[in-house]
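The values are calculated or read from the model by the stated rules, or taken from the named source; none is laboratory data. Here the structure is a predicted model, which means the values were calculated and not measured. Glycine also receives a Cβ, built like all others from the backbone with ideal geometry; neighbour counts cover every protein chain displayed.
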């Protein structure tokens, strides 16, 4: 019995001896990870971060070889690209389908390699995501190759860094930066396609049973100028549950967009009547002024004044409306009325400045 127990004990100790504890990355490199949302797409880069460590001028073309390196006598690769980092090969994960420099790449996780050239680098997206280095690199695993031009940078980057920049709602530039060189490439997404799929998916969930969701869908369709008939149906659903200024004014905008001007006027009157206070329509009219829709803005200011007569907000609205039309004399009348109604010192200062500007024959909406 003792011999059996002792054997088991030595076996257990042997297993422990072969286990590896967790330590920082070796070779002077650290580990890094960076993520960015491009529209509805999450892009994540996991990589090793080697340091220059006094090798200025010797990184590109020496530490990082030009093109493909020959097999050093280890592994099965006949030619070896750079792992675009250190230690384990760099990986890039895309949560949706994307384009890389305009070329399509499916959603997923990819090993990322680079064949460096001072004139034109080859970016390689591979199915091999588990390699250490590129000693077993096999071109058959490549999913996409893209060529891009490297760019010099003024300040040296000590540790290799991946950086997102130049974001739009559907694109971003991802750059590998190390020492005094950057290798940038553009990632693109089909945002509208993804958004429409997301809307269709989420409307079947619990979110689809809320009026706010239908309002948001309609607003998106209007902004994109697509599916306007469907937008009208969603607004009808929202209006039945929330017949408030926000919903009804949006519905009026849609009707006008669809050429239904008489219906739009009726609906907007209902929106004014449903407003909870003078500020709602006032802010709506201010937005119209920003869009250079001065005539329409004045109409809204006037409707708001009729709904909420002789209060600070509606008087200031009339001052802004007349000022936008260039009628500074009438604007001054309403600004003077608003002065005595200002609710606090800050608003009083705004009115006083507006009066001074109007007396100079200038538009107060530029303040």
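Annotations for the structure displayed:
- Residue ID - surrounded by the fewest Cβ atoms within 10 Å (Cβ to Cβ), chosen from residues in the range 124-146 that are part of a strand (DSSP E or B) and either touching a residue at least 40 places away in the same chain (Cβ under 8 Å) or out of contact with any strand residue (DSSP E or B) (no Cβ under 6 Å at 6 or more places or on another chain) (or both): 132
- Residue check, residue 158 in the same structural domain as residue 58 (by TED's automatic domain parsing), over 26 Å from the mean Cα position of the chain (by Cα) and part of a loop (DSSP other than H, G, I, E, B): no
- A single member of 310, 294, 327, 315 is at pLDDT below 95 and over 28 Å from residue 209 (Cβ atoms), and it is 310.
- Selection within the range 148-173 - closer than 18 Å to residue 50 by Cα and either buried (at least 16 other Cβ atoms within 10 Å of the Cβ) or in contact (Cβ under 8 Å) with a residue 60 or more places away in the chain (or both): 156, 157, 158, 159, 160, 161, 162, 163
- Candidates 241, 274 - the one that is at pLDDT below 95 and under 24 Å from residue 213 (Cβ atoms): 241
- Checked against (1) in contact with a helix residue (DSSP H, G or I) (Cβ under 6 Å, 6 or more places away or on another chain); (2) surrounded by 17 or more Cβ atoms within 10 Å (Cβ to Cβ); (3) closer than 23 Å to residue 191 by Cβ, residue 220 meets all criteria but (1).
- Among the residues examined, residue 358 does not qualify as closer than 22 Å to residue 270 by Cβ and in a helix (DSSP H, G or I).
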